[in-house]
Amino acid sequence: MRVLKYTMVCLILAGGAARAFAGYTPDFDGGVDVKLAIQAAIESAASAGGLVPEVPGRAEPGQRVWVSIERSAAAALDRELFKSLPLAQNQRIAIYEVDPSELGALADGMHRALRKAPGFFAHDTLEAALEDLKAPPAQPARAYTVDQAQRVAQTLALVKEESIVSVIASLSSYKNRYYRGATGVDSSKWLQRLWGKYAEGRPDISVAPFKHASFPQESVILTMQGAAEPEKVIVIGGHLDSIAGGGDSPAPGADDNASGVAVTNEVIRALVEGGYRPAKTIKFIAFAAEEAGLRGSGEVAAAFKKAGVAVEGMLNLDMVNYKGSAKDIYFVSDNTSADQNAFLGKLIDTYLGYSWGSIKCGYGCSDHASWTKNGYPASLPFESMFNQCNPFIHKATDTLAQTGGRAEHALKFARLAAAYAVELAK
Ligand code: BES
Ligand code: ZN
């Protein structure tokens, strides 16, 4: 089966392709880009050669996929698939089982007609898809304070561009970090070893893989146990996987998203070097399979919710090293917490002096959407305006060389994330 691949987002929108669907204003809060989820399903079905063997003992993993999609989107798509009765629906969202053989035509039609794909969430099970019919839990208002000037300054002094560059270089040296491929698995193991070193001599720090049922790449979690209120948790992270063209094609993913993982690592490194012990627990997470429909973060966030974990804030770092616009940092305003975004703006104004603005993705464009969906306050500080973002993402040309081997832009995000960690985990 032909594997379809879309390169979408910023370029396509900037090119005016959105006009192809004039008058259509989707409201996909919590949605996931359909094209890559579709691609994931197609690829699961195609089971292309050169990939790691499937997990033993599991019957045909990835052969069946259930999606939740906005009903307005399904109607707008006007595909046979969505004319059939959904398995379940509410006022806004419908659940379909998507047959991989139909997905190709659907994806192809959407690519030509719609370009800016509407969002949907892809799930391994019907049960998981049905969860999307429930209204997201209300987020209790919380007070944000900014009063840790000394500790923030100490930490910021330790945040360095060189170590961000070094991690981007290492991660982007894998042929790809595809969530179903051997090098995708290797890159996760490499990160587990790197993060494992921070746990040496620190009994409060532990590193563990988060294994996923339907694909071999593991998410990676480094936990810094809180000294005073360990049950309260702050999550900082970004996606580890990369993708370009057909699944196993070269995909260095230097900006998307070695940069976000490298920034996450830099916050850990600086906090450990400074001997910092947070009052609340901080979990640093590198998510598997974001490019396949937020599947890694979807499973992690759902597991946290199921276990009743009190996540007080989630900071998603996805694409932070390409300065495409006038301002330094843009906060994505949809599928995020307005209060937490305002807090991040205040951190910049207080400690960093960078310029910042606000943008919209228009759909659940990255892992923050998984946390928002599960009722946790999440934010995505982004590298540029949406329509001026890095034109090389999802291509073999998303390399560190594109930024001259530098991580000047990413450094700003590392400093922001470090301030966020200190001020929220106090
Ligand atoms: N890093 C991108 C998201 C992104 C790209 C945000 C450009 C803003 C501007 C992410 O890895 C990605 O590609 N997401 C997919 C959707 C996902 C749910 C499969 C996308 O946007 O196509
Ligand atoms: Zn990304």
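Readers should treat all values here as calculations from the given coordinates under stated rules, not as data from a laboratory. Values in this document were obtained by computation on a predicted structure and should not be read as measured data. Note that each Cβ is placed from the backbone with ideal geometry, even for glycine, and that neighbours are counted across all protein chains shown.
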Please list, in order along region 235-240, the HN-Hα scalar couplings obtained from phi with the Karplus expression 6.51 cos²θ - 1.76 cosθ + 1.60 (θ = phi - 60°), rounded to whole Hz, x for Gly and Pro. 10, 10, x, x, 7, 8
Is there a quick way to get the dipole size of region 149-424? I mean about its Cα centre, with the Cβ of Lys and Arg at +1 and of Asp and Glu at -1; what is the value in debye to the nearest 20? 300 debye
Looking at TYR198, VAL422, LEU347, which one has the Cα that reaches farthest to the positive end of the dipole of region 149-424 (charges on Cβ: Lys, Arg +1; Asp, Glu -1)? TYR198
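Beta carbons within 10 angstrom, averaged per residue: use that to sort the peptides 249-257, 288-296, highest first. Show your work: numbers first, answer last.
Details: 249-257: 27.2, 288-296: 29.8.
Highest-to-lowest ranking by the protection proxy: 288-296, 249-257.
So how strong a dipole does region 213-303 carry about its Cα centre when Lys and Arg Cβ are +1 and Asp and Glu Cβ are -1, to the nearest 20 debye?
My answer is approximately 440 debye.
Taking K and R as +1 and D and E as -1, what net charge do the other residues with C-beta under 13 Å from the C-beta of THR281 add up to? It would help to have the intermediate numbers written out before the result.
Numbers: positive: LYS232, ARG277, LYS280, LYS283, LYS426; negative: ASP204, GLU229, GLU231, GLU312.
The answer is +1.
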Charges only on Cβ, +1 for Lys and Arg, -1 for Asp and Glu: so what's the dipole of region 178-228 about the Cα centre, in debye to the nearest 20? 100 debye
For GLY313, list long-range residues whose amide hydrogen, built 1.01 Å from N in the peptide plane, is under 5 Å from its own amide hydrogen. VAL235
Debye intensity ratio in log₁₀ form over the Cα atoms of region 149-424, taken at each q of 0.13, 0.15, 0.16 Å⁻¹: -0.76, -1.06, -1.24
Of LYS160/LYS412; LYS346/LYS426; LYS160/LYS211; LYS280/LYS306; LYS327/LYS373, which pairs sit farther than 22 Å apart, going by alpha carbon to alpha carbon? LYS160/LYS211; LYS327/LYS373
Please say if region 293-426 is rounded, prolate or oblate, where rounded means a/c under 1.5 for a ≥ b ≥ c the square roots of the C-alpha gyration tensor eigenvalues, and otherwise the choice is prolate for a/b larger than b/c and oblate otherwise? oblate
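Based on other C-beta atoms within 10 Å, arrange LYS232, LYS189 from fewest to most.
Details: LYS232 18, LYS189 13.
So the residues, fewest neighbours to most, are LYS189, LYS232.
What order do you get for SER166, SER297 when you list them from fewest to most C-beta neighbours inside 10 Å? All intermediate terms of the calculation are to be shown ahead of the outcome.
Values: SER166 15, SER297 30.
Listed from fewest to most nearby Cβ atoms, that is SER166, SER297.
Hey, fewest Cβ within 10 Å first, where do ARG177, ARG277 land in order?
Values: ARG177 31, ARG277 15.
Going from least to most buried by this count: ARG277, ARG177.
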Please list 3J(HN,Hα) in residue order for region 161-171, calculated via the Karplus relation 6.51 cos²θ - 1.76 cosθ + 1.60 where θ = phi - 60°; whole Hz, with x for glycine and proline. 5, 4, 6, 5, 4, 4, 6, 4, 4, 5, 5
Note to self: Kirkwood Rh of region 109-268, Cα pairs, one decimal, Å, is 18.6 Å
